[in-house]
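Structure first, then comments.
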Protein chains: 4
Amino acid sequence: MISFATDYLVGCTPEILKRLEETNMEVQTAYGYDSYAAQAAEKIKKAADCPDAQIWFVSGGTECNQLVIGTHLKSYQGVVAAKTGHVAVHEAGAIEYTGHKVMELEGRDGKLVPEDLAEFLRVYLADGNITHMVQPGMVYISQPTELGTLYSKAELTAIYETCRKYGLPLYIDGARLGYALGSKDNDISLAELCRLCDIFYIGGTKCGALIGEALVFTHGNMPSAFFTLMKQRGVIVAKGRVLSLQFDVLFTDGLYEKLGRHAMDMAYLLVDGLKAKGYRMYLDSPTNQQFVVIENSKMEELRAKNVDFSFIERFDDAHTVIRFCTCWATQESDVEELLSLL
Amino acid sequence: MISFATDYLVGCTPEILKRLEETNMEVQTAYGYDSYAAQAAEKIKKAADCPDAQIWFVSGGTECNQLVIGTHLKSYQGVVAAKTGHVAVHEAGAIEYTGHKVMELEGRDGKLVPEDLAEFLRVYLADGNITHMVQPGMVYISQPTELGTLYSKAELTAIYETCRKYGLPLYIDGARLGYALGSKDNDISLAELCRLCDIFYIGGTKCGALIGEALVFTHGNMPSAFFTLMKQRGVIVAKGRVLSLQFDVLFTDGLYEKLGRHAMDMAYLLVDGLKAKGYRMYLDSPTNQQFVVIENSKMEELRAKNVDFSFIERFDDAHTVIRFCTCWATQESDVEELLSLL
Amino acid sequence: MISFATDYLVGCTPEILKRLEETNMEVQTAYGYDSYAAQAAEKIKKAADCPDAQIWFVSGGTECNQLVIGTHLKSYQGVVAAKTGHVAVHEAGAIEYTGHKVMELEGRDGKLVPEDLAEFLRVYLADGNITHMVQPGMVYISQPTELGTLYSKAELTAIYETCRKYGLPLYIDGARLGYALGSKDNDISLAELCRLCDIFYIGGTKCGALIGEALVFTHGNMPSAFFTLMKQRGVIVAKGRVLSLQFDVLFTDGLYEKLGRHAMDMAYLLVDGLKAKGYRMYLDSPTNQQFVVIENSKMEELRAKNVDFSFIERFDDAHTVIRFCTCWATQESDVEELLSLL
Amino acid sequence: MISFATDYLVGCTPEILKRLEETNMEVQTAYGYDSYAAQAAEKIKKAADCPDAQIWFVSGGTECNQLVIGTHLKSYQGVVAAKTGHVAVHEAGAIEYTGHKVMELEGRDGKLVPEDLAEFLRVYLADGNITHMVQPGMVYISQPTELGTLYSKAELTAIYETCRKYGLPLYIDGARLGYALGSKDNDISLAELCRLCDIFYIGGTKCGALIGEALVFTHGNMPSAFFTLMKQRGVIVAKGRVLSLQFDVLFTDGLYEKLGRHAMDMAYLLVDGLKAKGYRMYLDSPTNQQFVVIENSKMEELRAKNVDFSFIERFDDAHTVIRFCTCWATQESDVEELLSLL
């Protein structure tokens, strides 16, 4: 059984290794100017129906968030995010390291509430002391969120309208985008996502790649001198082909979405099994992260059986919230084995 | 009538100008090594009964906060503060500019709640993902707070105990410290303050000086190479005498506390008058900032009469919170004139 | 005798203290929006024949350099300066603290050589690896330089032409500008200086003020949201009147240039005396800093007589370069006394 | 024929791909805590005879330099490097981005001259204004250098002695370390290197890996909370196994040194051929980068023949310095083909 603790504990979809081998001895221009970068970018632009997109491949999500936010904001601007957003909690201050405040809103189930965002901006920008304050310069959301939830098209549209009203770029962290695209509850296609934000990244590391994320500027809004900005931040990888080739593979024949759908099929199997066994879900997660409220004694029992899950938080004196993740690599037999142990 | 909008709208206590004149043609070593710096430091150490204190004079409060927090924290640490703290709201991201997160707690009436701080740290530091998170490296409070409230000795003691338990230095922003020391409700002497924190600054600009704050490290904990750290941040003033001489004057014959007490006498006069006239106080402020909930129509009337106050925030559809400040320079006749206009 | 060690060891021109007293109890808007700021700006604009200028008053030179360079450069840009420039040597890395490289050119007598600058930019920008390199984003010079030398109008014109050719703003550090304007060797008026650069500051601290420098954007090129940028960097002084009033005084009735001329008269008296006594000048300084190559034994003799000068550098085994500075406050009797001791 | 332009234009040594495949479906702890990280670290410690070493695997050289320098220096410190050092020239200001000055010394053939370093530090630290200046906090060298040259054991020993005398850690950039170890002219073993510096990295990307460098702290001097410091800088890779596994392979059965030796054999073949054909070497490079002074017309001829080299710099009106690189992947037939085209 593979681990259900999270979705980046095994290697990559085998097609990637195959192509790495096939292309290994090719001479390719370094620093992101290889032919696979161009090719993968074309495939992503096509899949996203976004001919104006500008695309770079980077090594990881925190790095990508830091790069995008740090290079887009003016020095006195901050980024608005949900309190549970990855940039707010789990990047060890990577955004503040670039000099910017994460302006945290309460959120609901991991999502920014469109009305709350609109109201926050209206009130904040009307403050008489605004010139003494951090000024909002961008809005950050994750799709799916850190809690596995999804923005609906209506919600995303409302958020983007607020962003446009105030001239704030909307940036979407798609670390697990494949699992959004593979969810039955998702009503936002890749092309729609592209039209409803300014910048986003397509997660590779958590969705079938070895390493890498595809950063997409949706309408010619890549900062000028972006290569040098990346170089200065240590983001440029000499053999960029290692990153780009993976996205070339993932965006060939719809593999990226296929992997996401497969993981979701496994998640449905798991959640049905959990419910059948009387487990209580912490929230109705529409994606590959499934949060369960479990008795502490039961949790210890699972640990004793070597069932590999993530501890999320204490629920009450007697219960804990734990997380099971499926991924592109999860097999039906893995889920069955897990259920048999629960 | 002088303005009641805030406490830094007139010049300085006349004794300062007199001494500036008397000493004008003296040759004094530059960059903070003048004889007045040494002399003022001695006087402050005596007034605070803190022989080990290390003291520097800087130009302003935001600069001072930025300097202290930025030079004390390790790069991955943040500073814990109340949501209403100056560093959290009104410094345009000066702390984040140095690379650090302001970790905001809800607070009550502008103060960190000792129990909440203890609970926050207990839970936060127990998080299984702590190495992926900003780590608390300092606690920041203001005395008096931005809302004019005061920590009691019991509260400050509890907060400091929590800080020591977790090895976090406690830093007190004393921009308006004179008005705390002058308040009847205050039960913390300067010497006690000194023993109950690691670093604080004595506000000059808002308490009778032209420009300048006295930064005090209470027990030999000034960072090494602090001069160079200040120089690098643009904080060092060539003619440091301009700052130090003012504190030399303020700490001669108890002038600093006298000015604070006078301002508080004026505040009591004002608040008694306000209450007598039926005005509703927003909170029971024990210091020189008095917050009044006023009908919007009444507020407009005051404006029309050229009464100078600060807008704080909308209270409800029909009311607004406004602020009146007394200061070291407020005269009884000013208060009477103000009351007659209300 | 006052010290000849440097030009910021005594207080300020008495007219300033007088006005501080006269205006002390006036209510003035805080944070740089006082009426003296507006008034001083008008006077400077008139003196500089520069109606489009935008002016702010800040506390010190290093802070000002850091502010200007840090807010003008894009993150991947550096500032070109002479190796001896203040930003390159004596600001403890204040520029690097803002994230930017000081790109040092050799220079001659403390000045950037116009031809060298042009050649440096031509070659550097033609480098095939330019996108992997820091890119020049500004040129910094000092007038007078740190060695007391002056750019001629021809030199400044040539440098500014190169800057314009490459789209680089030219920034002039005028910490001692008064002594340039007061020098017989100077052929650049304040108005011409204004037309031959993009940004400069008029030194107050070293030229007769207590504290403060006037930062001038010559043609509407002040960064947007500049107040907030300053606030974020801790540069904003609550009682801005303390800074602005001094420039209001200095730019009334040509006082600033008068003080500079007086210091230069004293410098000429000194240098004539030195030469008459057979002292060897290190370079022909046209301003108030006079560098002398002195025998080490003689230097010790001066020290024993309490003559106060600056050590600059070892010249050879037997000689040292020392500096005498005159200033706005130097009296003829001071110079005579000094000469009598030499 | 593969390209001779540089040494990171093809993929990786096939053993790596093989192991990636074999281990692909293994569940491994994320974020650098995988079993291969531990295993590779052990192998490196053994190869370097350095049992106290602490090792992390990172994605690239610029990132690694930025991480090491930025986390080791105090904010007012700078790093001393040769003018030609990678950190000084080709990282787009990555070091300054972290707030630190690169203190550039002239150097000779790309190397810091031990006597010059000692003299620089002696004079600089004796400067009377040192508290107003950036203070040296680390020394950076590359082995081999950016010009392909090597420090001898005597030189490295002298440099390290100077570093220890002044308490400065010595950091060695080993981006191409494999080619140093493989050179006949090298007299410093990996174990000796380890004893003669405080921190170094073993280059993977340019020496046979797909992506990754091994950062080695030689004697327990890894900064505390280093994981969080890396996380904050975006350096942590979720699937750290991708980096560590490569070093596990490279340090199995001496593969790393074998690859270096092979590249050097190819370099010797090339340089002998070049000399035999009468080409003039720009300097006697003992490693895999070979610099040739070539007539411009000849250079154009080579271009026309699709010979792939690097332009380095203009030599004089008629000549250019170009570079040929061999690498772990270069075949004898590639060199022969190249020579036949020259």
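Tell me, please, whether a residue that is part of a strand (DSSP E or B), touching an Asp or Glu at 6+ places or on another chain (Cβ under 9 Å) and open to solvent by less than 10 Å² (accessible area, probe 1.4 Å) can be found in segment A:191-200. Yes, some residue in segment A:191-200 is part of a strand (DSSP E or B), touching an Asp or Glu at 6+ places or on another chain (Cβ under 9 Å) and open to solvent by less than 10 Å² (accessible area, probe 1.4 Å). Yes or no: C:GLY107 open to solvent by 10 Å² or more (accessible area, probe 1.4 Å), small (Gly, Ala, Ser), more than 17 Å from D:LYS101 (Cα to Cα) and more than 18 Å from the chain's Cα centre (by Cα)? So C:GLY107 does not fit the description; no. Please find, among D:GLY11, D:GLY60, D:GLY78, the residue that is out of contact with any helix residue (DSSP H, G or I) (no Cβ under 9 Å at 6 or more places or on another chain) and surrounded by 20 or more Cβ atoms within 10 Å (Cβ to Cβ). Selected residue: D:GLY60, the only one of D:GLY11, D:GLY60, D:GLY78 that is out of contact with any helix residue (DSSP H, G or I) (no Cβ under 9 Å at 6 or more places or on another chain) and surrounded by 20 or more Cβ atoms within 10 Å (Cβ to Cβ).
Inspect segment D:221-230 for any residue being within 26 Å of A:THR205 (Cα to Cα), crowded, with 24+ Cβ neighbours inside 10 Å and in contact (Cβ under 8 Å) with a residue 40 or more places away in the chain and give the result as yes or no. Checked against the condition, which is being within 26 Å of A:THR205 (Cα to Cα), crowded, with 24+ Cβ neighbours inside 10 Å and in contact (Cβ under 8 Å) with a residue 40 or more places away in the chain, segment D:221-230 yields at least one hit. Among the candidates A:GLY178, A:GLY174, A:GLY203, A:GLY234, the residue that is without any contact (Cβ under 8 Å) to a residue 24 or more places away in the chain and buried (at least 24 other Cβ atoms within 10 Å of the Cβ) is uniquely A:GLY234.
Going residue by residue through segment A:5-17, is there one that turns out to be closer than 12 Å to A:LEU245 by Cβ, charged (D, E, K, R) and part of a helix (DSSP H, G or I)? Steps first, please.
Step one: list which residues in segment A:5-17 are closer than 12 Å to A:LEU245 by Cβ, which gives A:12, A:15-17.
Still in the list and also charged (D, E, K, R): A:15.
From what's left, part of a helix (DSSP H, G or I): A:15.
Within segment A:5-17, one or more residues are closer than 12 Å to A:LEU245 by Cβ, charged (D, E, K, R) and part of a helix (DSSP H, G or I).
Screening C:VAL321 with (1) part of a strand (DSSP E or B); (2) touching a Ser or Thr at 6+ places or on another chain (Cβ under 9 Å); (3) surrounded by fewer than 22 Cβ atoms within 10 Å (Cβ to Cβ) gives one miss only, at (2). Per the listing A:TYR8, A:TYR36, the residue uniquely within 14 Å of chain D (Cβ to nearest Cβ), among the aromatic types (Phe, Trp, Tyr) and closer than 27 Å to A:PHE324 by Cα is A:TYR8.
Within segment B:46-69, the set of residues being among the small types (Gly, Ala, Ser), at the interface with another protein chain (Cβ under 8 Å from one of its Cβ atoms) and assigned to a helix (DSSP H, G or I) comprises B:GLY61 only.
Examine segment A:115-122 for a residue that is assigned to a strand (DSSP E or B), open to solvent by 40 Å² or more (accessible area, probe 1.4 Å) and more than 11 Å from chain D (Cβ to nearest Cβ), and state whether such a residue exists. Break it down stepwise before answering.
First, the residues of segment A:115-122 that are assigned to a strand (DSSP E or B): none.
No, every residue in segment A:115-122 fails to be assigned to a strand (DSSP E or B), open to solvent by 40 Å² or more (accessible area, probe 1.4 Å) and more than 11 Å from chain D (Cβ to nearest Cβ).
Hey, among D:THR157, D:THR162, D:THR149, which residue is at pLDDT 95 or above and not in a helix (DSSP H, G or I)? So that I can check it myself, show each step before the final result.
Details: D:THR157 fails: not in a helix (DSSP H, G or I); D:THR162 fails: not in a helix (DSSP H, G or I).
None of the other options fit; the residue is D:THR149.
Just checking, which of A:LYS45, A:LYS83 is surrounded by fewer than 23 Cβ atoms within 10 Å (Cβ to Cβ), more than 22 Å from A:ILE141 (Cβ to Cβ) and either touching a Pro at 6+ places or on another chain (Cβ under 8 Å) or of a type in the set (Lys, Arg) (or both)? Just one listed residue meets the conditions, A:LYS45. Of all residues in segment C:106-125, those that are more than 14 Å from C:ALA88 (Cβ to Cβ) have Cβ atoms under 8 Å from Cβ atoms of residues that are of a type in the set (Phe, Trp, Tyr), 6 or more apart or on another chain, in C:LEU121/C:TYR166; C:LEU125/C:TYR166. Only one of the numbered conditions (1) of a type in the set (Gly, Ala, Ser); (2) under 20 Å from C:LEU147 (Cβ atoms); (3) open to solvent by 10 Å² or more (accessible area, probe 1.4 Å) is not met by C:ALA38, and that is (2). Of everything in segment B:241-265, what is open to solvent by less than 10 Å² (accessible area, probe 1.4 Å) and either within 19 Å of B:LYS43 (Cα to Cα) or within 14 Å of chain C (Cβ to nearest Cβ) (or both)? Give them in sequence order. Those that are open to solvent by less than 10 Å² (accessible area, probe 1.4 Å) and either within 19 Å of B:LYS43 (Cα to Cα) or within 14 Å of chain C (Cβ to nearest Cβ) (or both): B:VAL242, B:LEU243, B:SER244, B:LEU245, B:GLN246, B:PHE247, B:ASP248, B:LEU250, B:TYR256, B:GLY260. Mind checking which residues of segment B:206-230 are in contact with a Pro (Cβ under 8 Å, 6 or more places away or on another chain) and within 14 Å of B:ASP248 (Cα to Cα)? Of everything in segment B:206-230, nothing turns out to be in contact with a Pro (Cβ under 8 Å, 6 or more places away or on another chain) and within 14 Å of B:ASP248 (Cα to Cα).
Here is a yes/no grid of residues against (1) buried (at least 16 other Cβ atoms within 10 Å of the Cβ); (2) over 18 Å from B:ALA175 (Cβ atoms); (3) free of Cβ contacts under 8 Å to residues at least 24 places away in the same chain:
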| site | (1), (2), (3) |
| --- | --- |
| B:LYS277 | no, yes, no |
| B:LEU283 | no, yes, no |
| B:GLN290 | yes, no, no |
| B:GLU301 | no, yes, yes |
| B:ASN306 | no, yes, yes |
| B:CYS325 | yes, no, no |
| B:GLU332 | no, yes, no |
| B:VAL335 | yes, yes, no |
| B:LEU342 | yes, yes, no |
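Which residue is nearest to the other protein chains (Cβ to nearest Cβ), if the candidates are limited to segment A:143-159 and must be free of Cβ contacts under 8 Å to residues at least 60 places away in the same chain and either small (Gly, Ala, Ser) or closer than 27 Å to B:TYR97 by Cβ (or both)? That would be A:ALA158.
In the list C:GLU96, C:GLU42, C:GLU106, which residue meets the criterion of being charged (D, E, K, R) and facing chain B (nearest Cβ under 9 Å)? Just one listed residue meets the conditions, C:GLU96.
C:GLU91 satisfies every condition listed in (1) crowded, with 24+ Cβ neighbours inside 10 Å; (2) closer than 17 Å to B:TYR31 by Cβ; (3) out of contact with any Lys or Arg (no Cβ under 8 Å at 6 or more places or on another chain) except (3). If you go through segment C:20-33 and keep only what is facing chain B (nearest Cβ under 9 Å) and more than 25 Å from the chain's Cα centre (by Cα), you end up with C:GLU21, C:THR23, C:ASN24, C:MET25, C:GLU26, C:VAL27, C:GLN28, C:THR29, C:ALA30.
Of everything listed in (1) under 30 Å from D:ALA175 (Cα atoms); (2) exposed (fewer than 15 other Cβ atoms within 10 Å of the Cβ); (3) in contact with a His (Cβ under 8 Å, 6 or more places away or on another chain); (4) not acidic (Asp, Glu), the single unmet condition for A:ASN296 is (1).
The values are calculated or read from the model by the stated rules, or taken from the named source; none is laboratory data. Remember, predicted model here, so these are calculated numbers, not experimental data. So basically every Cβ, Gly included, is an ideal-geometry build from the backbone, and we count neighbours across all protein chains shown. Ligands, DNA and RNA are stripped out before the accessible areas are found, and what is left, the full protein with its side chains, is counted by its heavy atoms. Shrake-Rupley method; radii C 1.70, N 1.55, O 1.52, S 1.80 Å.
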